[in-house]
1. Which of the pairs K90/K122; K36/K165; K78/K122; K70/K122; K102/K122; K78/K196 have their Cα atoms more than 32 Å apart in this structure?
2. Which order do D27, D110 take when ranked by solvent-accessible area (1.4 Å probe, heavy atoms of all protein chains), largest first?
3. Read phi for every residue in the stretch 140-146 and hand back ³J(HN,Hα) as whole Hz from Karplus 6.51 cos²θ - 1.76 cosθ + 1.60, θ = phi - 60°, with x for Gly and Pro.
4. Could you look at the stretch 58-147 and say what percent of its accessible area is carbon and sulfur, using a 1.4 Å probe and all protein chains?
5. Once Lys and Arg get +1 and Asp and Glu get -1 on their Cβ, which of P111, M94, L62 lies farthest toward the positive end of the dipole of the stretch 44-129?
6. Modelling each spin label as a point 7 Å along the Cα-to-Cβ direction, I'd like the R83/I71 distance in nm, to one decimal.
7. When ranked by the protection proxy of mean other Cβ atoms within 10 Å per residue, highest first, what sequence do the peptides 157-164, 37-44 form?
8. Which of the GluC sites (Glu not before Pro) across the stretch 91-138 are loop residues per DSSP, with 16 or fewer other Cβ within 10 Å?
Amino acid sequence: MTVHNECRAAAPLPCVPLLSTPSSKQDGTLKSYVPKNPPHIPSILVRCIQEIELRGMMEQGLYRVNGSEKIVKELREKMLRPRGCPNLRKIEDMTVLTGVVKNFLLNLNDPLLTSSLSEEFKRASEEENLNYVYSAVAKLPFENCHTLAFLLIHLQKVVDSPPCKMTIHSIARIFGPTLVASQPMTDMGTAMRENKRCIKVIEQLLSLPQSYWYNMLTPSEEPGSPSMLSEDQPGTPGTPEMLRVQPGIYQAPTPNTKDTTFAQRMFGSKKRTYFPRPYVTETP
């Protein structure tokens, strides 16, 4: 799909196949809910988010207002069944769909940013060092990386929608404690400090250019392709090697292997394109 640069923010999410949720081994880990082929994003999130973007972007307080806990739980269980999926068009209350998104992420055995990397993300946000941020993102498992990118692209659109009246901080307050693992709470003071650290992590990730997250879901066929490089975001990685060093802008980590790019490791082959590019920079 080709759009003008000024229309880029309104472009739809990258195409993600609506595959059925795996019928076996749903053990509460993110990996047990994602398809075998990329993008590794749970079907339940894809369906809910696409429906929210279709009908809910004019809702004030999107994600801040909670839906009926009973209805949210019932819909979540139906969507996780191996056969079929409820018709989400019949769900008029957007708080139910946003509730399913939050409930699914909250009930994962390990948070989306993983317990092992939570401290690294927190330190990166506290030091406000993009090097550490990109390094932490690069260490995420593929399914976590894909799901995080898909979710943040959506949440950035919520922030950019005036009718929603949701700021980066308000979104981060909702998703911070859900996506980032917290240290054991010994007292109220510790709990408050940990909560603030989690919020700051999500604020920082939401502040990254949207094209950075699109690159996570849109591998190019040839290393070094400039097709995804944003003209208005010169510091945004724009190639399959999205984490290569950009001199003078930031020092993002380079993949450790000599002959395999980050995109090849993530998607298997540089000769295959799994998704249509959401935009190109050249216009006639």
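1. Working: K90/K122 40 Å; K36/K165 37 Å; K78/K122 35 Å; K70/K122 34 Å; K102/K122 21 Å; K78/K196 34 Å.
Long pairs (Cα-Cα over 32 Å): K90/K122; K36/K165; K78/K122; K70/K122; K78/K196.
2. On the way: D27 90, D110 60 Å².
In descending accessible area the options line up as D27, D110.
3. In residue order, the calculated couplings are 5, x, 4, 5, 5, 5, 5 Hz.
4. On the way: 2110 of 4710 Å².
C and S atoms contribute 45 percent here.
5. With unit charges placed on the Cβ atoms, the residue in question is M94.
6. 2.7 nm
7. Working: 157-164: 17.0, 37-44: 21.1.
Result, highest mean first: 37-44, 157-164.
8. E92, E128
The values are calculated or read from the model by the stated rules, or taken from the named source; none is laboratory data. These figures come from a predicted structure and were not determined experimentally. Glycine also receives a Cβ, built like all others from the backbone with ideal geometry; neighbour counts cover every protein chain displayed. Accessible surface areas use protein heavy atoms only, side chains included; no ligands, DNA or RNA. Shrake-Rupley method; radii C 1.70, N 1.55, O 1.52, S 1.80 Å.
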